[in-house]
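Inspection log for the structure reproduced underneath, given as structure tokens.
The values are calculated or read from the model by the stated rules, or taken from the named source; none is laboratory data. No experiment lies behind these values; they were computed from the predicted model shown. For neighbour counting, all protein chains shown are included, and Cβ atoms are generated from backbone atoms with ideal geometry for every residue, glycine included.
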Amino acid sequence: MGKTAAVVLAWLWNRLYTLPHPPSPNGSSKPQPNHVAHKPWPRRLVYCLPMRTLVEQTAENIQRWLANLWEKRDALALSDSALAELHWMAGDRSPDHPAHSPLILMGGQQLESHLRDWDLYPEKPCIVIGTQDMLLSRALNRGYGMSRYRWPIHFALLNNDCLWVVDETQLMGVGLETTAQLDAFRQFLGNGRPGTVGPAATWWLSATLDADRLNTVDHTPPNGGWPNLILDDRDLALESVRARVHAPKKLVRAEIDLSDSTLPNYANLVADLVLERHVQGSLTLVILNRVNRAQEVYSRLKAMAPHADLALVHSRFRPPDRRKHEEVLKQPGSRIVIATQAVEAGIDISAQTLITELAPWSSMVQRFGRCNRYGEFGSGEASIIWIDIAPRSENSDLCQPYTCAELHDARERLKNLQDASPIHLQRIDPPVTSDIRPVLRRKDILELFDTTPDLAGHDLDISRFIRDHEGTDVQVFWRALNGQEPSQNQPEPAPGELCQVSLASFQAFLRSLTKRSGTHQLWPVWIWNPLAEQWEEARVPQHPRPGATYLVNVDAGGYSSELGWFGTADHAPHIPLITPSDNLSTQCADLGQGYSGDPSSLRGVWVTLTEHTRHVCTETHNLVSSLAPELTQLDLREPPANILVTAARWHDLGKAHEVFQHMLRGDDSSRAQQLWAKAKAPARPASRRYFRHELASALAWLLTQPESHPERDLVAYLIASHHGKVRLSLRSMPGEEPPPDRPDARIARGIVEGDLLPPEAFAAIEVTPPAEPLRLTLDLMEMGRNSSGHPSWLERMLALRDRLGPFRLAWLETLLRAADARASAAESRQNANTQTSNTSNPQI
């Protein structure tokens, strides 16, 4: 009945019509007959779906609705600020004003810069759509398929000032309980204050919603229960609604079943049933519980009926390959589509004939909704045939990915049902679920705030909060390595290259490679290590890791453009490579993805430290002005604008360090008279591995400011965290050793005890310089209190996290990072425009 349209348009209406309308410069005000005066709604709509096949369809619909609204903008009577927000989201089809919504988060590098940089505009509205893997991992500060150093930005934007819409909850597994717990933490995280900056709420949607699962340890129903919206008598009286609710769907049990005895010939039996039941000129939809069974039935049908219009739809395709199959699904005429749970919900199709394997009751109800969906077929024309699954024991693999108990319950409900129309289904009580699942707790959220990996380079595992075990995925892309190890400049995978693969299937793939690989063969599966800054072989048992992205040599196989992922390492059909666009601005193996990298300082343009500091301060001031109401909610000990602008002024002071200056200018003595913040990209790394200029900046701030400064530690944290690489903990990196001339000195992140910052550095950021060079000390990295009785870096930062809360602190961190990135981008654009002008006009 259009749940997606209902909630998206509700958010759009409330967001646009509740915005304040500031008076125009001449004091007049545009008439606003529909304007509603109450608190603005959240800036971001986060639409969470259980599978990739639903994401693109939802995005296409939202894109169309936004374009329609912009086209009809003159009839909407929007305020100037609302019109500006609509323009930002919808664009106007011109290069200068692209659409910034909807944004799809499914892994891989966004090709369009205006979508790739969505997180640099926290003051702008945005509609974000993604799978539960991508969205929940980001909301837990461990974003799958993205740079680890950007985790805190997405953590901030997906937990503050946002409305979460969680759709098709029956398919989410443990992810549903996680969304409930996150909703509770956003309201209150135990520090006596609201958990977020700006409003935050969650809506859950399903035709078969089990509201009891939302009653978790920290997310309990309010007095009177949660508000809910269902079809009422007025809706049911509408003719179009009645046609759908009463749509006849004859339900019969197939004469075949899936059992240990029929398994060897099962694909042939199902193919025969499909050809027997298919009605020419119509859609026959076949839904099977496992990808491998769907692939086998598809292959068998293709052999038996080579001229039939066939398609295979499941979640283990690369996006371009999947779209080719989905085109068949949505086109008119006679066709047969073999699918998995990927079409179980959200896909707006209507089959005359539906053949489905037995599944849990909620899944069966969803599958029935794909047959005679609009009530266009009369009595006896539409039919559903269900195939029983008859395992020998309760632990049989035939029941997977479900339990045999779930299938038994559904079988009992189907026994006496002859028609699957919604009017009949709603009379059947849903089963009572009693699954025991991991529950995200406050302690977990607090621990996940620290993004520093352990000494082995590993992170806290969040997969148990994302999906049930059998639903955990990795991402895979293929490249032609031609007998060589992946190069350091291997381009980052684009979204179209990535294939979602279950953890268990990829593990079996790695094991099969181990069995057949020779001692002299190059290992074909690799993963990027951002700490070691190199590609590493991915072997069992250390791999695979939930949510990780793996590069596979195309010769290893495991995939077919027609069948999708099948994971058999000894069968390698031709896999057409999808080459990322040449205009990608980042690479997964460049120094920016490694810990030592600083790509924002290598922008193809020389910018002095003074100039860049001024630019970032200006951007910070503008951003603070746009978010002034939200900043007042923080109840800081000093005006938020002062804190952020001060952090902006000091954030790059550490670039005056000799190690950083040498990295930028090398031996070019002509540049030695200035302190530089940006340079044309040199072919040289920093002389000290892991060097972080932002740590030098933060240490200098703490050394020069009195302990009585009301927000001294917060400014230090914002300075240190503006690249996402120095945050809560401070320690030496693996293999990091002090220089030979100072063997006993402390060292952390490339900073050595006793390093100097020249007085000119302070003058460059327009701060009164000290009389002598400032000598840096690392006593803050020691545990406990130092010799002066001052707390360590970790103690200071933990106190800050607990006082402000992780969501709010990450939001402040994001503001400075956004201002810095926007200033750097503007500097590069100005340089590019200057070069273009010089080229086009020889007289300049």
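Annotations for the structure displayed:
- Yes/no for Glu327 being under 23 Å from Leu171 (Cβ atoms) and either in the same structural domain as Gly567 (by TED's automatic domain parsing) or out of contact with any helix residue (DSSP H, G or I) (no Cβ under 8 Å at 6 or more places or on another chain) (or both): no
- Residue in the range 596-617 that is of a type in the set (Phe, Trp, Tyr), assigned by TED's automatic domain parsing to the domain that holds Glu753 and within 29 Å of Pro453 (Cβ to Cβ) present: no
- Tally of residues being in a loop (DSSP other than H, G, I, E, B) and surrounded by fewer than 22 Cβ atoms within 10 Å (Cβ to Cβ) across the range 109-119: 4
- Qualifying residue in the range 421-436 (condition: farther than 30 Å from Phe506 by Cα, touching an Asp or Glu at 6+ places or on another chain (Cβ under 6 Å) and not hydroxyl-bearing (Ser, Thr, Tyr)): yes
- Within this structure, Arg64 fails the test of being within 24 Å of Ala200 (Cα to Cα), of a type outside the set (Gly, Ala, Ser) and at pLDDT 85 or above.
- Among helices (runs of 4 or more DSSP H) entirely within the range 731-844, having at least 3 residues that are at pLDDT below 95, farther than 28 Å from Thr451 by Cα and of a type outside the set (Gly, Ala, Ser) singles out 806-840.
- Within the range 36-52, residues that are under 17 Å from Arg186 (Cα atoms) and part of a loop (DSSP other than H, G, I, E, B) sit with their Cβ atoms under 9 Å from residues that are among the charged types (D, E, K, R) and at pLDDT 85 or above, at 6+ positions apart or across chains, in these pairs: Trp41/Arg15; Pro42/Arg15; Pro42/Asp161; Arg43/Arg15; Arg43/Glu85; Arg43/Glu123; Arg43/Lys124; Arg43/Asp161.
- Scanning the range 494-546 for residues that are part of a strand (DSSP E or B) and touching a Pro at 6+ places or on another chain (Cβ under 6 Å) yields Trp526, Trp535.
- Of residues in the range 401-421 being among the aliphatic types (A, V, I, L, M) and within 38 Å of the chain's Cα centre (by Cα), the one nearest to Ala382 (Cα to Cα): Ala420
- Scan of the range 383-400 for residues that are surrounded by 14 or more Cβ atoms within 10 Å (Cβ to Cβ) and at pLDDT below 90, ordered by number: Ser396
- Checking Arg253 against (1) more than 15 Å from Leu358 (Cα to Cα); (2) not in a helix (DSSP H, G or I), the condition it does not meet: (1)
- Every residue from the range 229-260 that is touching a strand residue (DSSP E or B) at 6+ places or on another chain (Cβ under 8 Å) and not β-branched (Val, Ile, Thr): Pro248, Lys249, Lys250, Leu251, Arg253, Ala254, Asp257, Leu258, Ser259
- Residue that is farthest from Pro122 (Cα to Cα), among those in the range 816-825 that are in contact with a helix residue (DSSP H, G or I) (Cβ under 6 Å, 6 or more places away or on another chain) and aliphatic (A, V, I, L, M): Ala823
- Listed conditions (1) crowded, with 19+ Cβ neighbours inside 10 Å; (2) in contact (Cβ under 8 Å) with a residue 40 or more places away in the chain; (3) not acidic (Asp, Glu) are all met by Gly380, apart from (1).
- Scanning the range 671-704 for residues that are in contact (Cβ under 8 Å) with a residue 60 or more places away in the chain and of a type in the set (A, V, I, L, M) yields Leu675, Ala677, Ala679, Ala681, Ala686, Ala696, Leu699, Ala700, Leu702, Leu703.
- Options Ile336, Ile287, Ile256; residue that is closer than 26 Å to Ser206 by Cβ and either of a type in the set (Val, Ile, Thr) or in the same structural domain as Met106 (by TED's automatic domain parsing) (or both): Ile287
- Criterion applied to His709, His722 was being at pLDDT 95 or above, within 29 Å of Ala799 (Cβ to Cβ) and assigned to a loop (DSSP other than H, G, I, E, B), and the one residue passing it is His722.
- Residues being in a helix (DSSP H, G or I), among the acidic types (Asp, Glu) and surrounded by 15 or more Cβ atoms within 10 Å (Cβ to Cβ) - total across the range 633-686: 0
- Residue match in the range 409-424 (condition: in a helix (DSSP H, G or I) and of a type in the set (Asp, Glu)): yes
- Every pair of residues 6+ apart whose Cβ atoms lie under 8 Å, when the first sits in the range 209-222 and is among the aliphatic types (A, V, I, L, M) while the second is surrounded by 16 or more Cβ atoms within 10 Å (Cβ to Cβ) and part of a loop (DSSP other than H, G, I, E, B): Val217/Val439
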